[in-house]
Amino acid sequence: MTLLVFFGVIVVAVILALIRAIKGPTSPDRVVGVDIMVTITIALMVLLGLFFKRHIYLDVSLIYAVLSFVGVIAVARYLDKGL
């Protein structure tokens, strides 16, 4: 039952982040919306790892978090200075 509540909260959060990513008036707002969705996805992978009792989900979520961080830094530099 608790897991269903967590998944419901995650679905609402993804919908709100998707709205921010689509409607964002500026490019940085859109990047933040996508970054929020990535963070929510990481939280979902951690929850799945706890539910299925599999450590591989935690490893994948850590790698995904590092790649997301590097990607956001690259996009931020591009938006700040251009090519």
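Restricting to region 22-31, name every residue that is surrounded by fewer than 17 Cβ atoms within 10 Å (Cβ to Cβ) and either under 19 Å from Ser61 (Cα atoms) or not basic (Lys, Arg) (or both).
Ile22, Gly24, Pro25, Thr26, Ser27, Pro28, Asp29, listed by residue number.
For region 29-81, name all the residues that are of a type in the set (Phe, Trp, Tyr) and within 14 Å of the chain's Cα centre (by Cα).
Applying the first criterion (of a type in the set (Phe, Trp, Tyr)) to region 29-81 yields 51-52, 57, 64, 69, 78.
Passing the criteria: Tyr64, Phe69.
Restricting the first residue to region 42-56 and requiring it to be without any contact (Cβ under 8 Å) to a residue 12 or more places away in the chain and outside any loop (DSSP other than H, G, I, E, B), which pairs with a second residue that is of a type in the set (Ser, Thr, Tyr) and surrounded by 15 or more Cβ atoms within 10 Å (Cβ to Cβ) meet a Cβ separation below 7 Å and a spacing of at least six or different chains?
Pairs that qualify, where the first residue is without any contact (Cβ under 8 Å) to a residue 12 or more places away in the chain and outside any loop (DSSP other than H, G, I, E, B) and the partner is of a type in the set (Ser, Thr, Tyr) and surrounded by 15 or more Cβ atoms within 10 Å (Cβ to Cβ), are Leu48/Tyr57.
Test each condition in (1) at positive phi; (2) surrounded by 13 or more Cβ atoms within 10 Å (Cβ to Cβ); (3) not acidic (Asp, Glu) for Leu18 and report the one that comes out false.
That leaves (1) as the condition not met.
Coordinate-derived values only; no laboratory data. Remember, it's a predicted structure, so these values are computed and weren't measured experimentally. Glycine gets a Cβ as well: all are built from the backbone with ideal geometry, and neighbour counts include every protein chain shown.
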